[in-house]
Amino acid sequence: MWGICRRTMVKVGMPKPCCLMKPCHLVKPVSVTRVSGRYLTHQRGLPGLPVPPLQQTCERYISALEPIVEAEELRHAKELVAEFQKAGGVGERLQRGLEARARSTENWLSEWWVQVAYLDYRLPVVVHSSPGLVLPRMNFSDKQGQIRFAAKLIAGVLDFKMMIDNETLPVEHMGGKPLCMNQYYEVLSSCRVPGLKRDSVVNHAKTSSPPRHIAVVHNLQFYALEVYHSDGRPLTADEFCVQLEKICRSSPHSDVEPVGILTTQHRDAWGRAYATLTQDETNRESVSVIQRSIFTLCLDGAAPPVADEGYRSSAAVQMLHGGGSRWNSANRWFDKTLQFIVGVDGTCGANYEHAPAEGPPIVALIDHVVEYTRKPETTPSPMMPLATPQKLLFNITPEIKKDIEKAQHAMNTLAQDLEMRVMVFGHFGKNVPKTHKMSPDAFIQMALQLAYYRMYQRCCATYESASQRAFRLGRTETIRSASSASAAFVKAFDDPGTQNTEKVDLLVKAVNAHRSYTTMAISGQAIDRHLLGLKMVAVEAELLIPDIYTDSTYAKALHYNLSTSQVPSKTDCVMCFGPIVPDGYGVCYNPMDDHINFAVSSFNACKDTDAARLARSVEEALLDMRTLLDQSPRAKL
Ligand code: COA
């Protein structure tokens, strides 16, 4: 989205963006190696990200354009590509530069990626970059329950952290291949820091004195809560309960200045406001305590009341942006890599800042935490006297107050603009495509293609994130779900002149084309990151940006009206994010065995998009595709 990359990566290839047109003096965004044992041995054994052959990428780029551009645009793009890749041309020179970089770095892309896709991206992280994650409603509905649950949640995160600290986290695999585990080491104790033109990410786990506290925010007031005893043992859930009660008692609802809202701003505005805020020593220290915390826990106040059927959508809004300044948007520090959010009514989930990691490691952590919170409570242990959590103070000058007001206004406009629809598709899950010997992910993607085509009578550039964690420090690649095969399928589906057997044949071809693009993407042979890499070589060498990048066709290829991502989970949760273009949709889904959770978003300012309508269209497409398969001879194989 996630990755995602999703939203930001999209900007990466656009002709305009800032840093791509000028030399890029990269700060090291996230540290990339650890120095000790088991983890390092594992990481060293992973292959490096390959640089695909130039000609292969050029051919695949043209194929990717076919379903989404006009014939004349395609003809022009072919000419530009031919010029780009000709013997002795600029493409070959850039390719050699990229290959040289691949030989001298752990991963030729990773630093560029974090910088360009995230830290140079200046729209607010809220909605535009940071995903939310909604868990099923938990079994509590009052303050006591909220505190009890939050206390177990903290203990669960620390239980997971122990595996990170001890390097005992089991290595994950995909298709039998071991995956890069680096992202797990980047999500705790880290924080994004706004800059005037460019942000950075600081990971405090790797300092000589790693943090021993979390940040808790309640009624917009921030606290530092020590989570370890002096002997290194984590506090128990009962002890956390006592500490959280102290925090809640000492932070009644009152007219405090909502400092947290500043983190929802456009990054340039926040960069300036941050410089003003941190001129004051007390403010500087309070901000630093939040940044250095292991994670943030947001104990939320009330959310707008909704009927049961709207509950998940409303919870997704709380996780994604907090509902606006009247609700919980200021009860956050959106720069923090990981924020757990617990409401009073059983609502619970998370928001994460995307620069250091993709959704899957975050979800794995959260799956562990949810399982932990379900374990029966152990008998209470004798409690040690515990220090009172430290309240973080802020001195608010008139200038800072003005920044806060501006941030509130912008956040409320954004909240009004975002439409979020969570749909639990309950008719089937991965089981049905599997029965028909099809990849469930490809099946869902084809349903999205069909749903979109039915609404707009055209195909659009579609982004799906694929993991590149089979490579050292790998992040994501784009699966371009709109293909010539998918276009043929969606155009035939509602055509009364096409026989069902032919439609099934087209569906099978479209699913297979998607699956083979997925294989290309996860094995480092797809086109988008390679094209970006070549462009970055030109940028760093201060060469003219080749015409293929400034051509409107390239911009069209990167204008992802559908930005999608599968984030599977053991828990019945769903991740959510905003669209990456003003006239687009964000679609995240979690396919379970017998149902699929979807979170669909759009912007109300665009009169052509409607998240609820797309969700309904996806539901119909999935059902119609199943009916087609059930009625066809192939389905009975
Ligand atoms: N017949 C029967 N079963 C099949 C099948 C077929 N033809 N093809 C696949 N399956 C099965 C798989 O074995 C798998 O089984 P499981 O449920 O027992 O694990 C299941 O169907 C799912 O496979 P599929 O739907 O093909 O998807 P995938 O798990 O390979 O995932 C991606 C595809 C692209 C989502 C994945 O490769 C990926 O990259 N994920 C990371 C995305 C990411 O980073 N997102 C975060 C962004 S913030």
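Readers should treat all values here as calculations from the given coordinates under stated rules, not as data from a laboratory. Just so it is clear, the model here is predicted, and its values are computed rather than measured. Here the Cβ is made from the backbone with ideal geometry for all residues, glycine too, and neighbour counts use every protein chain on show.
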Problem set entry | Ellipticity estimate at 222 nm from DSSP helix runs (n ≥ 4, -39,500 (n - 2.57)) divided over the chain, nearest 500 | -13500 deg cm²/dmol
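Work out, step by step, the length gained on full extension between His76 and Ala555: first 0.36 nm times the residue separation, then minus their alpha carbon distance; give nm to one decimal. Don't jump to the answer; show the numbers that get you there.
Numbers: separation 479, 0.36 × 479 = 172.44 nm, distance 1.37 nm.
Using 0.36 nm per residue and subtracting the Cα-Cα distance, I get 171.1 nm.
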Exercise. Hey, rough spin-label estimate for Gln55 and Thr498, points 7 angstrom out along Cα→Cβ, what's it come to in nanometres?
Worked result: 3.4
Seminar exercise, completed: Note: the range 132-418, point scatterers on Cα, Debye, no solvent; log10 I/I(0) at q = 0.08, 0.10, 0.14 Å⁻¹ equals -0.32, -0.51, -1.03
Seminar exercise, completed: Scalar couplings 3J(HN,Hα) for the range 148-160 by Karplus 6.51 cos²θ - 1.76 cosθ + 1.60 (θ = phi - 60°), nearest whole Hz, x for Gly and Pro, are 4, 5, 4, 5, 5, 4, 4, 4, x, 5, 5, 4, 5
Seminar exercise, completed: Given backbone amide H placed at 1.01 Å from N, residues whose amide H is under 5 Å from that of Tyr228, ignoring those fewer than 5 places away on the same chain, are Leu235
For this session: For the chain, state the semi-axes of the equivalent ellipsoid (square roots of 5 times the eigenvalues of the alpha-carbon gyration tensor), sorted largest first and rounded to whole angstrom.
Result: 40, 29, 24
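Can you pull out the trypsin sites (Lys or Arg not before Pro) in the range 353-450 whose DSSP state is coil and whose Cβ has at most 14 other Cβ atoms within 10 Å? Provide the component values of the computation, followed by the final result.
Values: sites: Arg374, Lys391, Lys401, Lys402, Lys406, Arg421, Lys430, Lys434, Lys437; in loops: Lys430, Lys437.
Sites meeting the loop and neighbour criteria: Lys437.
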For this session: Could you tell me what percent of the DSSP beta bridges with both partners in the range 132-418 are antiparallel, to the nearest 5?
Result: 75
Exercise. Where both partners of a DSSP beta bridge lie in the chain, what percent of those bridges are antiparallel, to the nearest 5?
Worked result: 75
For this session: Output ³J(HN,Hα) for the range 478-485: one whole-Hz value per residue in order, computed from phi by the Karplus curve 6.51 cos²θ - 1.76 cosθ + 1.60 with θ = phi - 60°, and x for Gly and Pro.
Result: 8, 9, 8, 6, 7, 10, 4, 5
Exercise. Roughly how many whole Å is it from the C-alpha centroid of the range 324-399 to that of the range 426-473?
Worked result: 32
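Too long at a 27 Å Cα-Cα cut-off: which of Lys391/Lys570; Lys434/Lys491; Lys246/Lys336; Lys434/Lys503; Lys78/Lys509; Lys434/Lys556?
Details: Lys391/Lys570 36 Å; Lys434/Lys491 24 Å; Lys246/Lys336 23 Å; Lys434/Lys503 19 Å; Lys78/Lys509 25 Å; Lys434/Lys556 34 Å.
Checking Cα-Cα distances, Lys391/Lys570; Lys434/Lys556 exceed 27 Å.
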Problem set entry | Low-density loop cleavage sites - GluC sites (Glu not before Pro) in the range 335-443, where at most 13 other Cβ are within 10 Å (DSSP) | Glu377
Seminar exercise, completed: Which residues qualify? For Cys348, with a placed amide H closer than 5 Å and at least 5 residues away or on another chain, they are Leu135, Met138, Gly343
Problem set entry | Under-5 Å amide H pairs with Thr462, H placed in peptide plane, nonlocal only | Ser481, Ala482
Problem set entry | Integer Hz, Karplus 6.51/-1.76/1.60 couplings in order for the range 500-516, x for Gly and Pro | 4, 4, 5, 4, 4, 4, 5, 5, 4, 5, 5, 5, 5, 5, 5, 5, 6
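Between Lys437 and Lys406, what is 0.36 nm times their sequence separation minus the Cα-Cα distance? Round to one decimal in nm.
5.8 nm
Can you give the FRET efficiency to the nearest 0.05 for Val171 and Tyr228, using r as the Cβ-Cβ distance and R₀ = 30 Å?
Values: r = 27 Å, r/R0 = 0.90.
About 0.65, to the nearest 0.05.
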Exercise. In whole Å and largest first, what semi-axes does the C-alpha gyration tensor of the range 102-149 yield when each eigenvalue is scaled by 5 and square-rooted?
Worked result: 40, 15, 8
